[in-house]
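Working notes, structure below.
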Amino acid sequence: MKLKDLEVFVIGTPPPGWGGRYWLIVRLTTDNGIIGYGEVYAASVGPKAMVAVIEDVFERHMQGENPENIELMFRRAYSAGFTQRPDLTVMGAFSGLEIACWDILGKAHDRPVYALLGGKMNDRVRAYTYLYPMAHHDASAFWSSPEMQAESAIEAVEQGFTAIKFDPAGPYTIRGGHQPALSDIELSLRMCKALREAVGTRADLLFGTHGQFTPSGAIRLGQALEPYSPLWFEEPIPPDNILDFAQVAQAVRIPLATGERMTTKAEFGMLLRAGGASILQPALGRSGGILETKKIAGMAEAFGAQVAPHLYAGPVEWAANIQLAVTLPNLLLVESIQLGGSFHRPLIGDTLKVEDGYIAAPSAPGLGIRFDEDLARAHPYDDTMLHLQMQEAPCSYGSANAFRGGAVRD
């Protein structure tokens, strides 16, 4: 069995666009006709350029190879070009292609992917969701409204979720880390208070940030949040200096979680050795794929750290996350988009869903999904913006900072 053909779907997400502006889904076909799907979570360049990178990685390192030889193909992609170091774009391309290889192998052996990775550790995996606007909410005001977010939290708990994530701490800018505005600290505390009062002990609070603070700024905010006992303080500083996470982790009495913008065991290993996080959040479409992330999880286990696979992407990465999560003894949570996503679930034939706050281990071969190619082709991406973009304007210290939540599509 050899890898023969590649097709890349660039799928524009319909409004409201939860999961990003577009998704990059790859379709691999073997010489004996088995099809596998994967997802690339890499957005440092636009989709047209990224498709070219995916095609190059496939043709250069994978085409004509047996899909079983994942370690060999990984080393080719990781080391070629005299690099041999983490590279978000190349490893993002490889990650999606690698996921598709596992989908092929599972189908070839008529087994779920997790059965080929050590088998089932967890019959079901605990899911969490961001809080999103309800139908009657003002969507633009939602992100800074403790009252609206509390309503959404109650709905999520009633749906069965036992963990909810929110992100009130101000803007993400191209300027790197900044000190939080006092108004952003104050809003964060009001948000925590409102959510804790709304859900009590029925759900963990997951405090999300996206690398917008300096280490000292992250410490100021994190220490202020401690009375509300969040389960984690997510990515409070930029990922470009991994060792700085240890400074924050040692000063804040909330578990630090990070990893969505990191790739391969090289970066995660440095983070663990530095004591920079106790919860790892690899995005499988960027971290090196399923096998590489299985290795990352094994390292985390040796350091007493847990794994919570990240998802702000499409349903194929979600499916890969679940396959891996089923195998992990140190799994904490898996990210979901609401109950599975109003566009995510139809795109995979409604084969996965969140029920009572958990996702059952799939039993179908491969990733356990039925990818709808017609639906994918009916939603091409027709814009030039990146999957997620950060603002150029700096944090404001004299007026409110506006944030609309991810890559909203009107």
*Using the alpha-carbon centroid of each, what span in Å lies between the range 277-345 and the range 204-250?*
20 Å
*Using the alpha-carbon centroid of each, what span in Å lies between the range 79-122 and the range 1-72?*
11 Å
_For the range 179-279, convex hull volume per residue from C-alpha positions, Å³_ = 87 Å³
*What nm value, rounded to one decimal, do you get for the distance between Met299 and Ala393 when each label is placed 7 Å out toward the C-beta?*
4.0 nm
*Given H placed 1.01 Å from N in the peptide plane, which residues other than close sequence neighbours of Arg124 have an amide H under 5 Å from its amide H?*
Ala361
*Neighbour-count order for Lys107, Lys120, fewest beta carbons within 10 angstrom listed first*: Lys120, Lys107
*Can you pull the one-decimal nm distance between simple spin-label points at Asn66 and Ala49, each 7 Å off the Cα toward Cβ?*
3.8 nm
*Under-5 Å amide H pairs with His178, H placed in peptide plane, nonlocal only*: Phe213, Thr214
_Apply the a/c threshold of 1.5 to the C-alpha gyration tensor of the range 285-341 and tell me whether it is rounded, prolate or oblate._
prolate
*Rounded to the nearest 5, what % of the DSSP beta bridges within the range 115-366 are antiparallel ones?*
15 percent
_Against the empirical 2.2 N^0.38 Å scaling, what ratio does the C-alpha Rg of the range 227-384 come to?_
1.10
*Among Ile154, Ile337, which comes first, second and so on when ranked by fewest other beta-carbon atoms within 10 Å?*
Ile154, Ile337
*How large is the Kirkwood hydrodynamic radius of the chain, in angstrom, based on all distinct alpha carbon pairs?*
21.3 Å
*Determine the shape class of the range 46-139: with a ≥ b ≥ c the square roots of the Cα gyration tensor eigenvalues, call it rounded for a/c under 1.5, and otherwise prolate if a/b is greater than b/c, oblate otherwise.*
oblate
*What is the order of Leu367, Leu375, Leu256, fewest Cβ neighbours within 10 Å to most?*
Leu375, Leu256, Leu367
*asked:* Which of His136, His61, His109 ends up with the largest GNM mean-square fluctuation for the chain, with Cα atoms connected below 10 Å?
replied: His136
*Looking only at the range 133-153, which residues have a backbone nitrogen under 11 Å from a spot 7 Å from the Cα of Ala400 in the C-beta direction?*
140-146
*First measure r as the distance between the Cβ atoms of Lys193 and Arg377, then evaluate 1/(1 + (r/R0)^6) with R0 = 41 Å and state the FRET efficiency to the nearest 0.05.*
0.30
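Every number here is computed from the coordinates shown, using simple stated rules; none is lab data. This one's a predicted model, so the numbers in the text were calculated from it and none came from an experiment. Ideal geometry is used to build each Cβ from the backbone, glycine not excepted, and the neighbour counts take in all protein chains shown.
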